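These notes concern the structure reproduced below.
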Amino acid sequence: MRTLIFARRIGATVTLLSASALPSAGGHPVKMPNVGVVVRNLSTAPPELVQKAEAACQQIYGAAGIRLTWINTVKDVNWEGPDLILRAVILPQAPPSRALAAFGTALRERQELLLYQDRIVRFSKIVDLPTHLILSVAMVHEMGHLLLDSDDHAPSGIMRAEWNQDDLNAIRRGQSHFTSGQIRRMKANIEQRGSAMVR
Ligand SMILES: [Zn+2]
């Protein structure tokens, strides 16, 4: 019991300190937009590989000032807290209708992204890059479509339709990134949809 009270006091002190230490906008502490991602792995991809891909994906979004929080589960979860929730499903195989080069699909109306393990594994062998890295950039790209609220592709960077050798080198070195314009748009969309969810 005493421990609990002590913990509460510590908690209150910490909150007070961090609130006054942070720059504030309109009286509220500035915080990074937080996107929750529920990942349903229906493929044979090992959980460790998926988590490594998530960590690499998170680095790219973190560099853009967007925080990602992950839940790995095959169950349906009700999750409150993040500004926005996206769902990612890793399927063993791409549906036959999908273009041969596609690693995934972004279903914008459902806020869901599909990732195709067979395509990701095959591509990682062709370009000689670790599978978790290809899975991570596939996640980054398809989530980008959802957060940008657009199916469009960019002439350069992670949102290109096809990756050339320069893009692959950037992926290999962990230097893939979004443009400042894309980052602005994603943050504005998260803010807009987050406040729509609260109402
Ligand atoms: Zn795309």
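Read the figures in this text as sums done on the coordinates, not as results from a lab. These figures come from a predicted structure and were not determined experimentally. FYI the Cβ positions are ideal-geometry reconstructions off the backbone, even for glycines, and counts take in every protein chain you see.
Remarks
- Largest to smallest principal axis extent of the C-alpha atoms in the stretch 32-198, angstrom: 45, 36, 29
- Burial ranking of peptide ranges 45-52, 77-84, 88-95, 137-144 (average Cβ count within 10 Å, highest at the top): 137-144, 88-95, 45-52, 77-84
- Simple point charges give the picture: +1 on the Cβ of Lys and Arg, -1 on the Cβ of Asp and Glu, and for the stretch 32-198 a dipole about the Cα centre of about 140 debye.
- Taking a straight Cα-Cα cut-off under 25 Å and skipping sequence neighbours fewer than 8 places away in the same chain, the lysines within cross-link reach of K187 are K31, K52.
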